[in-house]
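Q: Next up is a structure, given as structure tokens.
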Amino acid sequence: MVLSPRLRLHVGASKVHRWLALLIGAQAIVWFTSGLVMSLLPIDTVHGDHRIDRNVEPALIATQDFAPVPALLASAGAPVRQLQHRMLLGRPIVEAQLGNGKVRLLDARTAKPLPPVDGAAAALVARQAYRGDPGSAPVVERIDRPSTEYRGALPAWRASFPDDDGTRIYVAAETGRLTSVRTGTWRLYDFFWGLHIMDWTEHERFNTPWLNAFAAGGLVFAVAGAILLFMRWPRRRRRKAQGVR
């Protein structure tokens, strides 16, 4: 039997719509589930604000005796793009951003260069900011490569605390800044985030082939459904039936 073009369009759209409904529908369940989980998790808890105090360092005061800018520039040993005064472990320092992108720490009072932050100093920075048991001793490890959990400044120090949330505080080795905090809640959120954007390895790419394919499939699914809706609209069928009679 030879099918009319209209009937072939109807049959073809039905097949495409049916098979895409299985594929797109399964991923839609993942999207809705991951979106629901992420929306139920308080964003402050995801960020770890209940575990650390990001503003624990005291502010600079006017009575402190700072080294003059020319002395700081000379002590940096390289062209400087920016000087920033701040506190580190209760001590006034200057963070010199060099022209080559690196950072050098200077004593704000004497302009003498300071060594990079070691593991012991990083542990003090982490313990100072930690809101948990003040007696907790973290396990400190040096991090030289990015991971799905941390993509901040490298090298860095990771201070892992023995609490029920698996808190990990990251401190940049160059600056001594607290760059990230990771908890069990963050890891749960990040897992579902990876499912949501269909990036199961890096959890940050929005243009993966999988996501592009399912987005294109969703568009075809919608077009096929629109064709079926137009062809099966009750008013059109009633008119057709009346014409036959």
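Laboratory data are not the source of any read-out in this text; all were calculated from the coordinates shown. Values in this document were obtained by computation on a predicted structure and should not be read as measured data. Here Cβ is always computed from backbone atoms with ideal geometry, including for glycine, and neighbour counts include all displayed protein chains.
Q: Kindly indicate which of ASP165, ASP199 is in contact (Cβ under 8 Å) with a residue 60 or more places away in the chain and either basic (Lys, Arg) or part of a loop (DSSP other than H, G, I, E, B) (or both).
A: Numbers: ASP199 fails: in contact (Cβ under 8 Å) with a residue 60 or more places away in the chain.
Only one candidate passes the filter, namely ASP165.
Q: If you don't mind, another one. Among (1) surrounded by 14 or more Cβ atoms within 10 Å (Cβ to Cβ); (2) part of a helix (DSSP H, G or I), there is one condition THR148 misses while meeting the rest; what is its number?
A: Only one criterion in (1) surrounded by 14 or more Cβ atoms within 10 Å (Cβ to Cβ); (2) part of a helix (DSSP H, G or I) is unmet by THR148, namely (2).
Q: Just give me the residues in the range 155-211 being within 19 Å of SER34 (Cα to Cα), of a type in the set (A, V, I, L, M) and over 14 Å from the mean Cα position of the chain (by Cα), in sequence order.
A: MET198, LEU211
Q: Restricting the search to the range 191-233, which residues are among the charged types (D, E, K, R) and surrounded by 17 or more Cβ atoms within 10 Å (Cβ to Cβ)?
A: ASP199
Q: For the range 46-80: of the residues being in contact with a Lys or Arg (Cβ under 8 Å, 6 or more places away or on another chain) and hydrophobic (A, V, I, L, M, F, W, C), which is nearest to ARG177 (Cα to Cα)?
A: Within the range 46-80, the first condition is being in contact with a Lys or Arg (Cβ under 8 Å, 6 or more places away or on another chain), and the residues that meet it are 48, 50-53, 57, 60, 64-67, 75-78.
Retained after the next criterion (residues that are hydrophobic (A, V, I, L, M, F, W, C)): 52, 60, 66-67, 76, 78.
Details: ILE52: 13, LEU60: 16, PHE66: 21, ALA67: 22, ALA76: 19, ALA78: 22 Å.
Checked the range 46-80; the qualifying residue nearest to ARG177 (Cα to Cα) is ILE52.
Q: May I pose another question? Which of the numbered conditions does LEU73 fail, given that it passes all the others? Conditions: (1) of a type in the set (A, V, I, L, M); (2) part of a helix (DSSP H, G or I); (3) within 27 Å of the chain's Cα centre (by Cα).
A: Going through (1) of a type in the set (A, V, I, L, M); (2) part of a helix (DSSP H, G or I); (3) within 27 Å of the chain's Cα centre (by Cα) one by one, LEU73 breaks only (3).
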